[in-house]
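Laboratory data are not the source of any read-out in this text; all were calculated from the coordinates shown. Worth saying up front: this structure is predicted, and the values here are computed from it rather than measured. Using ideal geometry, Cβ is built from the backbone for each residue, glycine included, and neighbour counts are taken over all protein chains shown.
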Amino acid sequence: MAKTDKFKDETMQSSTEATSKIDAIKQLIFGENMQAYDSEFETLKKDILTKKQELEALMDDVKSELLQNIDNLSTDINIRITELENSFEDKADALNEKKVDRKLLGELFTKLGEKISQ
């Protein structure tokens, strides 16, 4: 156990030293401009976050609009199907009436023929 704790401590120390060395190198390379770069990066991060939120809001709006359009289309299709069913039933009833009328007309002609022949 002592070996693992010692190893962890050494690892953390070397990590801290590496980080401080990296910070020192950054300071040498960028110097005073480092704060300006950090400020610009923060501004860019905020802009990106704002744009992301705007895009998410726009996507939600588009999703809502699409769902509404789908619902409207579904309602419209159901109405048209009902209208077609009613039209079909009306035409079927009209055809049945025409057939009945032909049958009735045939019976009347038969009776008329019988009366004439008497």
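Using a cut-off of 14 Å between beta-carbons, work out the net charge of the residues near Leu73 (Lys and Arg +1, Asp and Glu -1, Leu73 not included). That works out to -2. Computed from Cα positions, the angle between helix 33-117 and the longest principal axis of the chain comes to roughly 10 degrees.
Near Gly106: Cβ cut-off under 14 Å, other residues only, Lys/Arg at +1 and Asp/Glu at -1. The net charge is +2.
With q set to 0.19, 0.21, 0.23 Å⁻¹, the log10 of I(q)/I(0) for the chain, from the Debye formula over equal scatterers at the Cα positions, is -1.08, -1.13, -1.18.
A Gaussian network model of the chain, with springs between Cα atoms under 10 Å, assigns the largest mean-square fluctuation among Ile70, Ile81, Ile22 to Ile22.
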